[in-house]
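> Before we start, here is the structure in question, set down as structure tokens.
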Amino acid sequence: MDIKIVKKLTIGALVIIIAAVMVHTPVTGFVQAQSPTKVLRIGYFPNINHAQAVIGTGGGEFQNALGNNIQVQQYTFHAGSSTIQALLANRIDAAYVGPGPAVNGYVASLGNGLRIVSGAASGGAVFAVRNDSGINSPNDHANKVFASPQLGNTQDIALRNYLHSEGYQTKDNGGNVTVISTDNPIIFTLFLKKQVDGAWVPEPWGAKLVNEAGGRILVDERTLWPPDGKFVTANIVARTDYLQQNPEVVKELLAANVNETSWITNHTDAAIKAFNTEFKKLTGKTLAENELRQAWSRIQFTYDPLKLSLFQGANSAYDLGFLAKGKPRPDVSGIYDLTILNEVLKEKGLQPIGGAGGAGGLAEAIP
């Protein structure tokens, strides 16, 4: 046979073989180069009560837990309202966020836009006042200026509710106390410049105000939640349509969160170091170790959403005029969907979350 014919036959056969391999081989370099089949866009804050997300996404643990077929994309926020706006606008699929913004988003979307699928943190919010503010007790709040991170957010409602319980009204309601709302970094600057007398903030900002801005803690919010001091400051929410269409992705996320919660709780020193590493990536700065440890000590990481505290916060927001103003008190009982979380807990041999929350859910219970 002519040698040119042999070469042509050989090349043709090789092409056929390569094509067959690419079509019939289930796992090859060709297949692996394709995009993941699912995407999870998750939002969170560079705050300590979002530590599972800060450590888990930044360090790659979430991506490893979700596997190669789910691509995790992370987005950072500094306000709950912008987080919920992004969620409802289909720019993210899930988020770590405070109970106030979650309730606002649920009510604004007529109960259709989102569901709380897990807890994340309890505690980690304080009312810090300047040492030279002249404030030594609740009797000293008249004619003072206080700050919160955002109008109507979780800490803002806590501050206003506290003032009301102590017999004060804010100036916008005819009283003699001023409350301004702005971002945490700006609050820190105002504190340094003595333009505010105190602020109700999440950690690590409470620790920063104490250690760097001449402040002290007047109220640790845990003391306002008897009998055990537990109150929700971070949940995981998912967009309702994403939850319905991608239950397996949400399940992997919640399993990763449970694992991260366990690791953080049982490895405090390593968790603090990991958080600071990721915090620097997000903000360009690290936190002083003493500040970080102080802040950490005021937070409990838990997958229990602590439902009753959210319902109480929602009632306070309505009474203060920040939720469904001018309308009947909204029913927010449908905001939770803990079905997948309880599946995860059952598979891990952990106690499921009960109807009111608070049954199970503590990271210390995880083997």
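> If the requirement is being touching a strand residue (DSSP E or B) at 6+ places or on another chain (Cβ under 9 Å), under 15 Å from I48 (Cβ atoms), crowded, with 17+ Cβ neighbours inside 10 Å and of a type in the set (A, V, I, L, M, F, W, C), which of these qualifies: I236, I187, I299, I272?
Selected residue: I299, the only one of I236, I187, I299, I272 that is touching a strand residue (DSSP E or B) at 6+ places or on another chain (Cβ under 9 Å), under 15 Å from I48 (Cβ atoms), crowded, with 17+ Cβ neighbours inside 10 Å and of a type in the set (A, V, I, L, M, F, W, C).
> Continuing with this model, one more query. Need at least 3 residues that are farther than 30 Å from V117 by Cβ per element, so show me which helices (runs of 4 or more DSSP H) inside region 167-250 make the cut, counting only ones lying wholly within it.
Qualifying helices (runs of 4 or more DSSP H): 184-192, 205-212.
> Conditions: (1) of a type in the set (S, T, Y); (2) without any contact (Cβ under 8 Å) to a residue 40 or more places away in the chain; (3) under 26 Å from T286 (Cβ atoms). S148 meets all but one. Number of the miss?
Here S148 meets the rest and fails (2).
> Only one of these is over 22 Å from G100 (Cβ atoms), open to solvent by 20 Å² or more (accessible area, probe 1.4 Å) and touching a helix residue (DSSP H, G or I) at 6+ places or on another chain (Cβ under 6 Å): N211, N176, N143, N161. Name it.
N211
> Another question, if that's okay. Just to check your reading of the model, which residue among I92, I42 is aliphatic (A, V, I, L, M), at pLDDT 95 or above, buried (at least 24 other Cβ atoms within 10 Å of the Cβ) and closer than 24 Å to N259 by Cα?
One residue alone meets the criteria, I92.
> Another one. Could you check how many residues of region 111-143 are polar (S, T, N, Q) and part of a strand (DSSP E or B)?
Result for region 111-143: 2.
> Here's something else I'd like to know. State whether one or more residues within region 115-131 are closer than 17 Å to Q150 by Cβ, among the aliphatic types (A, V, I, L, M), under 20 Å from the mean Cα position of the chain (by Cα) and crowded, with 24+ Cβ neighbours inside 10 Å.
yes
> Another one. Please pick out the residue among S82, S35 that is farther than 30 Å from I186 by Cβ, open to solvent by 10 Å² or more (accessible area, probe 1.4 Å) and either modelled with pLDDT of 95 or more or hydroxyl-bearing (S, T, Y) (or both).
Numbers: S82 fails: farther than 30 Å from I186 by Cβ.
Checking each option against the conditions leaves just S35.
> Shifting gears a bit: What number of residues within region 221-233 are closer than 17 Å to Q294 by Cα, open to solvent by 30 Å² or more (accessible area, probe 1.4 Å) and in contact (Cβ under 8 Å) with a residue 60 or more places away in the chain?
Adding up the residues that qualify gives 1.
Residue-by-condition table, conditions (1) touching a Pro at 6+ places or on another chain (Cβ under 6 Å); (2) over 19 Å from P328 (Cα atoms); (3) touching a residue at least 60 places away in the same chain (Cβ under 8 Å); (4) of a type in the set (D, E, K, R):
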residue: T83; (1), (2), (3), (4): no, yes, no, no
residue: A86; (1), (2), (3), (4): no, yes, no, no
residue: A89; (1), (2), (3), (4): no, yes, no, no
residue: Y96; (1), (2), (3), (4): no, yes, yes, no
residue: G100; (1), (2), (3), (4): no, no, yes, no
residue: L110; (1), (2), (3), (4): no, no, no, no
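> Also: Could you please let me know if G361 is modelled with pLDDT under 95 and either touching a Pro at 6+ places or on another chain (Cβ under 7 Å) or open to solvent by 30 Å² or more (accessible area, probe 1.4 Å) (or both)?
Details: modelled with pLDDT under 95: yes; either touching a Pro at 6+ places or on another chain (Cβ under 7 Å) or open to solvent by 30 Å² or more (accessible area, probe 1.4 Å) (or both): no.
Here the answer is no, as G361 does not meet what is asked.
The values are calculated or read from the model by the stated rules, or taken from the named source; none is laboratory data. What you see is a predicted model; the values in this text were computed from it and never measured. No Cβ is skipped: glycine too gets one built from the backbone with ideal geometry, and neighbour counts run over all protein chains shown. Accessible surface is based on the protein model in full, side chains and every heavy atom, while ligands, DNA and RNA are left aside. Shrake-Rupley method; radii C 1.70, N 1.55, O 1.52, S 1.80 Å.
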